[in-house]
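Below is one structure, written out as structure tokens, with a few remarks after it.
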């Protein structure tokens with residue numbers, strides 16, 4: 001028999017089994033367009049007794065004497081029970097034990113309706129019904145999910161602790177309108193095949209959906225701002241192309257069985273996938289040809305994974321298919337244990353330290369005990385199950401207050417500092433108020449992106465192109481940031497005030513960055529020209545070469561796993577790195593590498609070696625310099641992985657250097673430290689509420705109502721207190737600093753939060769910063785209004 005798709009008219013083969021008298025026809029098998037087939041076996045009573053798949057999986061079904069399903073077993077690799085079932089005398093399901101997932105119990109009323117289900121532990125729900133058999137109340141364990149339902153003509157009303165939710169339906173059951181407790185309404189449009197055509201948000205933003213006639217699958221998605229994503233499918237209905245609003249296409253390839261085999265961008269395979277005879281992913285190959293292999297057990301569970309650099313991970317599984325053990329190359333074995341509901345109860349790290357979890361109703365984690373035995377607690381909203389409170393081991397709380405739509409309206413930190421939030425009808429934040437009542441207002445465009453931000457310091461505006469890319473930011477001080485893109489969507493210019501950086505892309509794997517000197521200084525410094533740096537990358541986007549101004553070259557070599565093993569310049573500098581099988585650096589050598597030397601001929605000026613414990617934490621570092629100077633440091637950690645002691649030895653120790661020790665409180669904050677041979681800095685730290693450092697040794701700290709440090713005072717015998725003061729803006733950016741000697745520094749930031757200038761009028765010093773993304777590209781220092789120095793950072797592309 002062939003089943004025909006109602007939209008596409010496509011067919012699939014289904015095999016029917018029939019009874020001896022040819023009066024009954026039952027499904028005997030089914031297959032898809034990729035020739036994957038499921039076959040059903042039946043007994044003389046026409047019950048399904050076996051299910052097999054072309055991948056090799058075989059299931060056996062057994063029945064009680066009453067004729068009801070008893071168990072499902074997997075039999076293709078031994079016998080494994082997947083689920084068991086129990087029924088009462090009336091044939092109603094009373095117990096379902098899905099060994100790999102859940103174990104639930106059911107109770108019924110006289111009308112055979114479920115009135116309660118539970119896990120025989122902390123989780124349960126109870127139901128009541130009206131005369132028409134419709135559920136009208138739901139009661140959950142400890143007050144979770146308490147709900148009432150009311151049914152009208154084409155409308156269902158749901159009332160919970162947050163308020164009233166209304167859902168309006170058409171005759172086919174499609175939701176036409178959804179009204180939230182705050183009165184906001186979302187509407188939906190559907191076609192005759194029940195495909196969603198449009199979604200209208202409460203604020204009027206509209207998303208549109210189009211579907212392919214061939215298979216009825218999504219072919220075009222249009223966001224509220226008009227940006228479009230396009231999707232294309234093959235004759236089997238599998239997605240083969242995705243085109244972004246910027247016009248970038250991602251192509252997908254498949255095996256004959258319909259399994260994903262490759263991902264391509266710009267005609268280059270970014271990922272290849274090969275499968276074993278059971279159609280399990282066996283080998284993943286990246287764009288550089290590096291292979292990741294996975295081996296499986298007879299139950300299709302991964303038991304070993306190997307990377308291209310020799311890294312391997314071994315996994316062990318318990319009978320319910322939960323991960324029970326994990327061992328990485330070069331580290332100790334980790335262990336995992338679970339409760340009877342499948343929740344993780346304990347994790348044992350490679351050092352044998354145990355972390356535990358506790359759970360409440362509906363399997364919500366309610367407490368965590370760390371390796372040192374300190375207990376953290378968690379609280380949740382009864383209706384949405386959102387996190388509302390975290391209680392630390394000292395009893396302090398971090399709280400979230402939600403509105404009737406589940407949005408955070410108030411956030412209170414450990415020390416009682418409060419932030420408040422307001423939202424528009426779509427749930428997008430429109431205002432943020434800090435503890436000083438400083439308010440930031442946000443207005444948004446049709447896509448929900450920030451269009452205007454108003455702070456006590458002024459108004460900032462944002463501009464975007466048709467593809468949704470940020471093109472301009474206009475700050476209240478009159479400065480602006482602008483970004484341009486080429487036809488491929490790559491950034492080709494960025495301006496910050498009167499400064500500009502240009503980016504050229506001569507090929508797919510090369511970026512040339514040109515920093516232009518300030519426009520107003522070109523006449524005063526005619527010798528200063530643009531600063532050009534060339535970055536070359538391999539197909540995986542890993543840096544392979546940097547050509548610095550003056551044609552100085554820095555080349556990067558990598559091992560088979562893509563890890564940097566050598567960087568060297570044409571002037572002879574080299575830095576060599578070694579890695580262990582776990583992917584951790586174990587050695588570094590930096591020094592001269594003469595051009596006539598062969599590999600291994602590095603003349604080191606500095607060697608550093610790293611050691612690790614069984615959990616992968618750094619346990620020791622040895623440094624060697626020229627002339628035989630050596631320093632060895634060993635680290636002792638507590639059961640939470642925090643350093644408690646450093647033992648230093650060797651001929652390379654400087655004056656005052658020596659052993660160090662550290663102590664922590666139950667929340668992990670530093671409370672005591674000592675350092676040096678003569679214990680020159682032994683201190684005991686004191687904290688105010690919320691673990692804000694109040695006093696460290698003879699230094700005292702003070703904070704404002706927004707939780708920011710506003711002064712730091714040092715007390716010394718025989719001297720007056722020395723106080724430093726700090727000033728902040730509404731975005732928590734440092735804007736001013738006054739030293740104990742009265743020296744004033746002023747700081748400026750752009751709208752992206754990056755520092756652009758700092759100045760001290762007393763010293764007549766001004767320092768400006770030019771940024772390449774989130775990394776500094778150039779620092780210019782002026783003294784007495786004259787350019788004093790220019791420092792460039794040409795390796796920002798490394799980040």
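Any chance you could tell me what percent of the C-alpha pair distances in the range 408-473 go past 14 Å? Across the range 408-473, Cα pairs with separations above 14 Å total 62 percent.
For the range 177-197 versus the range 646-672, the spacing of their alpha-carbon centroids is 61 Å.
Here the contact order of the chain, divided by its residue count and restricted to Cα pairs under 8 Å and six or more residues apart, works out to 5 percent.
Among 321, 64, a tally of other beta-carbon atoms within 10 Å of each Cβ gives an order, fewest to most, of 64, 321. The modelled label-to-label distance between residue 793 and residue 195, using points 7 Å beyond Cα along the C-beta direction, is 5.0 nm. With a simple spin-label model that places each label point 7 Å from the Cα along the Cα-to-Cβ direction, the separation between residue 206 and residue 614 comes to 6.5 nm. As a calculated quantity, the FRET efficiency between residue 704 and residue 740 at R0 = 22 Å, using C-beta atoms, amounts to about 0.70. Legend: ranking of residues 568, 320 from fewest to most surrounding C-beta atoms inside 10 Å; resulting order 320, 568. Centre-to-centre separation between the Cα atoms of the range 129-157 and those of the range 759-777: 62 Å. Taking only the alpha carbons of the range 212-292, we obtain Rg and Dmax values of 14.7, 46 Å in that order. Length available on full extension from residue 157 to residue 220: 0.36 nm per residue minus the Cα-Cα distance, which gives 19.4 nm. Using C-alpha pairs under 8 Å with a sequence gap of at least 6, the mean separation divided by the residue count of the range 408-473 gives a relative contact order of 16 percent. The convex hull defined by the C-alpha atoms of the range 268-317 has an orientation-averaged projected area of 3.8 nm². Taking every C-alpha pair closer than 8 Å and separated by at least 6 residues, the mean separation divided by the residue count of the range 212-292 gives a relative contact order of 13 percent. Remark: spin-label model distance residue 116-residue 695 equals 5.8 nm, labels positioned 7 Å along the Cα→Cβ axis. With R₀ fixed at 45 Å, the C-beta to C-beta distance from residue 232 to residue 452 puts the FRET efficiency at about 0.75. Extension gain, residue 274 to residue 367, is 29.3 nm, computed as 0.36 nm per intervening residue step minus the present C-alpha separation. Gap in Å between the Cα centre of the range 536-592 and the Cα centre of the range 73-104? Their Cα centres are 56 Å away from one another. At an R0 of 41 angstrom, the distance between the Cβ atoms of residue 426 and residue 305 translates into a FRET efficiency of 0.45.
Subtracting the Cα-Cα distance of residue 186 and residue 713 from their residue separation scaled by 0.36 nm leaves 184.2 nm.
Taken together, the values in this text are just the output of simple stated rules run on the coordinates, not laboratory data. None of these values were measured; they are calculated from a predicted model. No Cβ is skipped: glycine too gets one built from the backbone with ideal geometry, and neighbour counts run over all protein chains shown.
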